[in-house]
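K.L.:
First the structure, then my questions, so here it is.
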Amino acid sequence: MITVPAGSSLTLRCPDAQEIVLVTLAESRAPFIVELPPIPVLSLDGFGVRRFGILELVTAAGVTWVEAELHNDLLRIHGDAPVGVVQRRASTRRPGPYPATGTVQVEKAGRRSLVAVAGRVEDISADGVLLRATAGDAGPSLPSGIERTLLHVAMPFGELTVAVTTVDQRADLLRGTFEWIDPVGEGALKDFCTR
């Protein structure tokens, strides 16, 4: 079963246009990607605007890229995922948002520095996290060159402290895997992600 959770961030890449980040407004499910019903999303496009592109589709099973159309705040999948392009996840992700504060370690020109950040966890699994945050007066994005992050996340089961190694970073989004999880929160996080 393919599940696109409510609150997921999806990226639509259109020819000759900037990437469009969309947030799903409701959960969508189907046995196969090609059978997914139109996905209601939050977009900034006006009524009647139609866009086609390649969608980075984030599901509970993994990430893949498919052709898609955005029209009147509905995202329609065209065709199935290419063979061998799905990045499987070892554990199920739970959508946020969960408030988070912390410190990032940045390397620039061979020098390392620490920068305070604040934001929210968009989704979390027992293996990693997607963080949307800003760094104080650095503008609406994170500083470039983040190597690792120490985060304090307000989870439904209590505060979770983690160290995160950066996998991918774009503007105000950082995806990473856990390098360390505080022993008190580790079991609670695994239970939370599997229920």
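K.L.:
If I ask for residues that are part of a strand (DSSP E or B), open to solvent by 40 Å² or more (accessible area, probe 1.4 Å) and at pLDDT below 90, which ones from segment 65-94 would you list?
P.N.:
Trp65, Glu67, His78, Gln87, Arg88, Arg94
K.L.:
Which pairs do you get when a residue that is touching a residue at least 12 places away in the same chain (Cβ under 8 Å) and within 15 Å of His152 (Cα to Cα), found in segment 163-188, comes within reach of a residue that is surrounded by fewer than 18 Cβ atoms within 10 Å (Cβ to Cβ) and among the aromatic types (Phe, Trp, Tyr), reach meaning Cβ atoms under 7 angstrom, with the pair 6+ apart or on two chains?
P.N.:
Pairs that qualify, where the first residue is touching a residue at least 12 places away in the same chain (Cβ under 8 Å) and within 15 Å of His152 (Cα to Cα) and the partner is surrounded by fewer than 18 Cβ atoms within 10 Å (Cβ to Cβ) and among the aromatic types (Phe, Trp, Tyr), are Ala163/Trp180; Ala188/Phe157.
K.L.:
Related question: Of all the residues that make up segment 136-158, how many are touching a Gly at 6+ places or on another chain (Cβ under 9 Å) and exposed (fewer than 14 other Cβ atoms within 10 Å of the Cβ)?
P.N.:
Result for segment 136-158: 2.
K.L.:
Limited to segment 49-62, what total is found for residues that are within 17 Å of Val4 (Cβ to Cβ), open to solvent by 20 Å² or more (accessible area, probe 1.4 Å) and either touching a strand residue (DSSP E or B) at 6+ places or on another chain (Cβ under 6 Å) or assigned to a strand (DSSP E or B) (or both)?
P.N.:
Adding up the residues that qualify gives 3.
K.L.:
Right, another one. Do we find that Glu27 is at pLDDT 85 or above, among the acidic types (Asp, Glu) and out of contact with any helix residue (DSSP H, G or I) (no Cβ under 6 Å at 6 or more places or on another chain) in this structure?
P.N.:
For Glu27, the condition - at pLDDT 85 or above, among the acidic types (Asp, Glu) and out of contact with any helix residue (DSSP H, G or I) (no Cβ under 6 Å at 6 or more places or on another chain) - is met.
K.L.:
Would you check which residues across segment 159-195 are open to solvent by less than 20 Å² (accessible area, probe 1.4 Å) and at pLDDT below 90 and list them?
P.N.:
If the condition is that a residue be open to solvent by less than 20 Å² (accessible area, probe 1.4 Å) and at pLDDT below 90, then Leu174, Gly176, Cys193 are the ones that fit.
K.L.:
Looking at segment 22-48, I want the residues that are under 10 Å from Asn72 (Cβ atoms) and have a partner that is of a type in the set (Lys, Arg) and at pLDDT 90 or above with Cβ atoms under 9 Å, at least 6 apart or on another chain. Which pairs are those?
P.N.:
As it stands, the answer is Pro38/Arg76, since those pairs meet every condition given.
K.L.:
Further, regarding this structure: For segment 46-67, how many residues are over 15 Å from Ser28 (Cα atoms) and small (Gly, Ala, Ser)?
P.N.:
Qualifying residue count, segment 46-67: 3.
K.L.:
Sticking with this structure for a sec: For Ser113, indicate whether it is surrounded by fewer than 16 Cβ atoms within 10 Å (Cβ to Cβ) and assigned to a loop (DSSP other than H, G, I, E, B).
P.N.:
no
K.L.:
If you don't mind, another one. Can you tell me which residue in segment 36-48 is most open to solvent (accessible area, probe 1.4 Å), limited to those that are hydrophobic (A, V, I, L, M, F, W, C) and modelled with pLDDT of 85 or more?
P.N.:
Among residues in segment 36-48 that are hydrophobic (A, V, I, L, M, F, W, C) and modelled with pLDDT of 85 or more, the one most open to solvent (accessible area, probe 1.4 Å) is Leu42.
The values are calculated or read from the model by the stated rules, or taken from the named source; none is laboratory data. These figures come from a predicted structure and were not determined experimentally. Every residue, glycine among them, receives a Cβ derived from its backbone with ideal geometry; neighbour counts consider all protein chains shown. The area values use the complete protein model at the heavy-atom level, side chains included, leaving out ligands, DNA and RNA. Shrake-Rupley method; radii C 1.70, N 1.55, O 1.52, S 1.80 Å.
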